[in-house]
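Below is one structure; the comments refer to it alone.
The values are calculated or read from the model by the stated rules, or taken from the named source; none is laboratory data. Source: prediction; values computed, not measured. Cβ placement follows ideal geometry from the backbone for every residue including glycine, while neighbour counts extend to all protein chains displayed.
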Amino acid sequence: MVFFFEDTRGARPLARMVREGGASFWADLVAFLLLAGVAVLAMHGAGQMARPLAQLNTSPVTLDPANLPDYALRTTLRMFAALAASLIFTFTVATLAAKSRKAEMIILPALDILQSVPVLGFLTFTVTLFMGLFPGQQLGVECAAIFAIFTSQAWNMAFSFYQSLRTVPADLAEVSQQFGFSAWRRFIRLELPFAAPGLIWNMMMSMSGGWFFVVALEAITVGNTTVTLPGIGSWLALAIAQEDFRAVALAVGAMALVILSYDQLFFRPIVAWADRFRVEQSAAQTQPRSWVYDIARRARLLKGLLALAMRPFGLLARIRLPERPRRRRAATGGAGGRLLDGLWLGLVLAACAGAVWLLGRFIAQNLGWGDVAAVIGLGLATMVRVAVLMAIASLIWVPVGVWIGLRPAWAERLQPLAQFLAAFPANLLFPFAVLTIVRFDLDPDIWLSLLMVLGTQWYILFNVIAGASALPNDLKEAGRIFGIRGWQWWRQIGLPAIFPYYVTGAITASGGSWNASIVAEAVSWGKTHLEATGLGAFIATVTEDGDFPRVALGIAVMSIFVIGFNAALWRPLYRYAERRFRLD
Amino acid sequence: MNNFAPVFAQTLPLVDVRHVRHVYGKGSGPGLTVLDDVNLTLHDNEIVGLLGRSGSGKSTLLRSIAGLVQPSEGSISFPRPQGQTTVSMVFQSFALFPWLTVLQNVEVGLEAKRVPPEERRRRALAAIDLIGLDGFESAYPKELSGGMRQRVGIARALVVDPDILLMDEPFSALDVLTAETLRTDLLDLWSEGRMPIKSILLVTHNIEEAVLMCDRILIFSSNPGRVVAEIRVDLPRPRNRQDPAFRAMVEDIYARMTTRAAPGQPREGLFPGAGLGMALPRVSTNAMAGLIEALAAEPYNGTADLPQLADQTHYEVDELFPIAEVLQLFRFAELEGGDLRLLPAGRRFAAADVDARKQLFARHLLACVPLAAHIRRVLDDRVSHHAPASRFIDEIQDFLDEVSATRTLNTVIQWGRYAEIFAYDENASLFSLDNPT
């Protein structure tokens, strides 16, 4: 497992003092201060969310630097609320998919499709719903924004959790069955711990993915009305509209600070704590360390609080539910089972057909086949763009990644950097790109495309670095002993070794590029508005116009393209890579 | 046997290693001397074995000769004038490319030499045939068993017609039967002169394998690696393990490997370093108890011949010696010549029940292992009876490198927990005198 910001041992003085077992009084104090600070911030932010809607118009978003910390807080709260919602979603839906074969049949493809639908699409249709739920209050709009962020975070977490549940080690599963673990106990003692490392890694990726859309998600347009929630995203939107460089720079700084803080205060301690759940027996390269975690371990205050919080769970666990007689599985084996499966499949297909028909009717009400053909043409344009860019990015970054990966000292330094670059929202740089294009009078069709791959090419880089560093030493030595060099080395050692890793990175990069096309193909700076011909620009434009049928059409076409790509290219490639190139 | 070249060319050795010294480690801090003043010459038509335990630098020496690693001091030269002396290597872990077929794997070296495709294929097929893998040309390594994979490795090394074949513990990753088959096949090919190579340099930690295969054996000590003895094996081939001369030679080598190079040195100096800086191997109390019980039982009744013991327990030198040496450290047993002899304390241990064993072990641990006594003393002296592991690691690291220091501390932790002289909390990295809550 690779984690963000890998730290070396014994670095900082605070950490060392804590580790040396200095008075736990200091640990208590620091822990109390941190907890109190976080609690105050959270309550302040939550309180603000419950204010009435009208207040948004009386005190609109301004570019006053004094407001920036407040905006940063609101945005962070939204993202964490979305993360919590994603976690709940993961625990329910992924568990259901893992335990029930019938549920799995619909849930997995549904998740796949939802993952491919561009995030902004959800926003348009759900904002009215939420605003209706909480009329006149900011809470409705907040919920809409949180929901939109949720849709950018939840899917990969659900997939990871599902995957972990399906690959629980057989011997551990047998032990829990032997001792008659109840479903809850099995979940808490076996499945959750086993899934924890992968889930946490995906949570970190989700958080960084969420930042990319925050700019677009905090200024919500419903038809003619635009509601701008206070937050870093709307600050940035305003700065771009007013062509204020200083404000953009301030926002970038605030974002970096926020990312750094929650990385240190939230994710690193959790990663350090979850290290004990790693199942692989081989010795870890470096144990993840976190000064917050060290403090938390020493602080008796925290131990007391935790014990108090865990008391109700302990009581719950002692409740003995009456045991249901264990139903023998495979009671409906043979023809009966198949018939049931067939019926269920038929039902699902019928529901799908119904949904497609409804969608088609909605679109066909306002648009004709000509429109559909035009949109598909735009989709092809974007597809060509994505393909070309991926090819160029691969040609550049694969050799660099292999070079770095083969040199452990460099790999250790550069891989966290590449991960950070992948997490950093690249759309912050778009205004500068617009300026450059306008200044040198370049063709937006070609040059705007670069923006699409700007944020996602790093996935290729850091996965290739990981692959090259995983190349076993004796294969490298065999290559040197037999004098394998140059193109032969690449053909027989380098490229095959990194191939599975490259495919993983490419899948993520390609999906990310499609999603990015919505914000990258139509970019503005103040009054300057640049647009490239493509599906992303189309969707962005019609979303702004509030043209629902076109939005639906655009999203449907993009989803079909992405899913088609996945099924036709990436999945088979991944299976091939797994079969042929795995270092066993 | 298979060399008809003129005599004068044979007087020049194939490889000449002089005063090679190899030090690992970064600039700052004490480096780890892996090889110290090693001299070696390799002539035509011989199999030379490098025998020693892990950490004796034999693999490093092999890789130095292969050109994969540069020695810190000394020289490695290939005196033969005509052309370059070519070397080829067979790896312990086979090192086959998983995405190439057997045929492609074998052709790899030829392709690097720009041999045209038809000739490449012909030679590769011949090598595969020679090594007995006919019919598997289009198989992938993951479809093959360990023995077959190593055959591919050998074929790949032979097909490039090297002068010297370097083998780095080639059979240690295989089970006993497969290893034996491969050994005899290799020796047959060698005796019949069907391999194009001039000499073989073999690294091993299996004494019987060395005596079975080699014409000359260089015995290495460890920490740092030095050549402590060079033995000529004149037994006629094919060699028989049950032959008295064979057994005598094995016995002799065991004896040489368990005594200090310089006579008159106190016997407890088998572990490098002294006091807190004594580097301990990772030996568990279970293994120690098992060896003591095996010694005390029939047919040894307290005194065991090491080769016989190794045979019975299926241990190789690398595994048996550390346990025996730890028993000697604890004064439970004594190494003498090629024998391991149980001392009175060891006999008491063998006869005692669980609790009595723990007490006996605890007494000897505190008396004989300075680090354990030191930890206990520190815990007793402190008011809180707590001490962090980092404190001891820092102390040990004044004498040892990081890896050895961690290993030593982990070993002492395991021993201390068994003896119940202290408790250790892994999560907090804390020693204490409490029982676990």
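Per-structure values
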quantity: Filter result (closer than 23 Å to residue B:189 by Cβ, more than 8 Å from every other protein chain (Cβ to nearest Cβ) and among the basic types (Lys, Arg)) within segment B:91-123; calculated: B:120, B:121, B:122, B:123
quantity: Any chance residue A:575 is within 14 Å of chain B (Cβ to nearest Cβ), assigned to a helix (DSSP H, G or I), modelled with pLDDT of 80 or more and loosely packed, with under 14 Cβ neighbours inside 10 Å; calculated: no
quantity: Matching entry among B:371, B:320 (being modelled with pLDDT under 95, within 31 Å of the chain's Cα centre (by Cα) and within 30 Å of residue B:172 (Cβ to Cβ)); calculated: B:320
quantity: Flag for residue B:55 being part of a strand (DSSP E or B) and either away from chain A (no Cβ under 14 Å) or surrounded by fewer than 15 Cβ atoms within 10 Å (Cβ to Cβ) (or both); calculated: no
quantity: Residue within segment B:335-343 that is under 24 Å from the mean Cα position of the chain (by Cα), touching a residue at least 40 places away in the same chain (Cβ under 8 Å) and closer than 24 Å to residue B:32 by Cβ present; calculated: no
quantity: Boolean, residue B:431 is buried (at least 20 other Cβ atoms within 10 Å of the Cβ), touching a residue at least 24 places away in the same chain (Cβ under 8 Å) and not in a helix (DSSP H, G or I); calculated: yes
quantity: Long-range neighbours under 7 Å by Cβ, at least six apart or interchain, first residue among the basic types (Lys, Arg) within segment A:564-584, second surrounded by 14 or more Cβ atoms within 10 Å (Cβ to Cβ) and part of a helix (DSSP H, G or I); calculated: A:582/A:500
quantity: Scope segment B:15-43; condition at pLDDT 90 or above and part of a loop (DSSP other than H, G, I, E, B); matching residues; calculated: B:43
quantity: All helices (runs of 4 or more DSSP H) inside segment B:354-416 with 2 or more residues being of a type in the set (D, E, K, R) and within 14 Å of chain A (Cβ to nearest Cβ); calculated: B:389-396
quantity: Residue A:471 vs. criteria within 14 Å of chain B (Cβ to nearest Cβ), at negative phi and part of a loop (DSSP other than H, G, I, E, B); calculated: yes
quantity: Test: residue in segment A:24-45 that is surrounded by fewer than 16 Cβ atoms within 10 Å (Cβ to Cβ), in a loop (DSSP other than H, G, I, E, B) and either within 14 Å of chain B (Cβ to nearest Cβ) or modelled with pLDDT of 75 or more (or both); calculated: no
quantity: Top-ranked residue of segment B:75-85 - restricted to ones that are touching a residue at least 60 places away in the same chain (Cβ under 8 Å) and assigned to a strand (DSSP E or B), ranked as nearest to the other protein chains (Cβ to nearest Cβ); calculated: B:76
quantity: Pick from segment B:124-143, criterion in contact with a helix residue (DSSP H, G or I) (Cβ under 6 Å, 6 or more places away or on another chain) and assigned to a helix (DSSP H, G or I), ranking: nearest to the other protein chains (Cβ to nearest Cβ); calculated: B:141
quantity: Out of A:504, A:541, sole residue that is without any contact (Cβ under 8 Å) to a residue 40 or more places away in the chain and either more than 14 Å from chain B (Cβ to nearest Cβ) or among the basic types (Lys, Arg) (or both); calculated: A:541
quantity: Lone unmet requirement of (1) outside any helix (DSSP H, G or I); (2) crowded, with 16+ Cβ neighbours inside 10 Å; (3) out of contact with any strand residue (DSSP E or B) (no Cβ under 9 Å at 6 or more places or on another chain) for residue B:104; calculated: (1)
quantity: Counted residues, segment B:304-337 - those being part of a loop (DSSP other than H, G, I, E, B) and crowded, with 21+ Cβ neighbours inside 10 Å; calculated: 2
quantity: Residue in segment A:482-492 that is surrounded by the fewest Cβ atoms within 10 Å (Cβ to Cβ), counting only those that are assigned to a helix (DSSP H, G or I) and within 7 Å of another protein chain (Cβ to nearest Cβ); calculated: A:488
quantity: Residue match in segment B:390-413 (condition: touching a His at 6+ places or on another chain (Cβ under 9 Å), among the charged types (D, E, K, R) and on the phi < 0 side of the Ramachandran plot); calculated: yes
quantity: Residues of segment A:435-444 satisfying the condition of being modelled with pLDDT of 80 or more and surrounded by 15 or more Cβ atoms within 10 Å (Cβ to Cβ); calculated: A:437
quantity: Whichever residue in segment A:425-454 is of a type outside the set (A, V, I, L, M, F, W, C) and touching a Phe, Trp or Tyr at 6+ places or on another chain (Cβ under 7 Å) and, among such residues, is farthest from residue A:252 (Cα to Cα); calculated: A:431
quantity: Qualifying positions in segment A:446-481 - among the aromatic types (Phe, Trp, Tyr) and surrounded by 22 or more Cβ atoms within 10 Å (Cβ to Cβ); calculated: A:458, A:459, A:462
quantity: Given (1) within 13 Å of chain A (Cβ to nearest Cβ); (2) surrounded by 19 or more Cβ atoms within 10 Å (Cβ to Cβ); (3) outside any strand (DSSP E or B), number of the condition residue B:88 does not satisfy; calculated: (3)
quantity: Unmet requirement for residue B:70, which otherwise passes all of (1) more than 20 Å from residue B:174 (Cβ to Cβ); (2) polar (S, T, N, Q); (3) within 12 Å of chain A (Cβ to nearest Cβ); (4) free of Cβ contacts under 8 Å to residues at least 60 places away in the same chain; calculated: (3)
quantity: Checklist (1) within 30 Å of residue A:489 (Cβ to Cβ); (2) surrounded by 13 or more Cβ atoms within 10 Å (Cβ to Cβ) applied to residue A:409, failing item; calculated: (2)
quantity: Hits in segment B:414-433 (condition: out of contact with any Phe, Trp or Tyr (no Cβ under 9 Å at 6 or more places or on another chain) and closer than 15 Å to residue B:386 by Cβ); calculated: B:426, B:427, B:428, B:429
quantity: For residue A:67: the one exception among (1) modelled with pLDDT of 75 or more; (2) surrounded by 18 or more Cβ atoms within 10 Å (Cβ to Cβ); (3) polar (S, T, N, Q); calculated: (2)
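Yes or no, residue by residue, for (1) over 30 Å from residue B:336 (Cβ atoms); (2) more than 15 Å from the chain's Cα centre (by Cα); (3) not assigned by TED's automatic domain parsing to the domain that holds residue B:152:
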site: B:198; (1), (2), (3): yes, yes, no
site: B:205; (1), (2), (3): no, no, no
site: B:212; (1), (2), (3): no, yes, no
site: B:219; (1), (2), (3): no, no, no
site: B:227; (1), (2), (3): no, no, no
site: B:231; (1), (2), (3): no, yes, no
site: B:243; (1), (2), (3): no, yes, no
site: B:249; (1), (2), (3): no, yes, no
site: B:253; (1), (2), (3): no, no, no
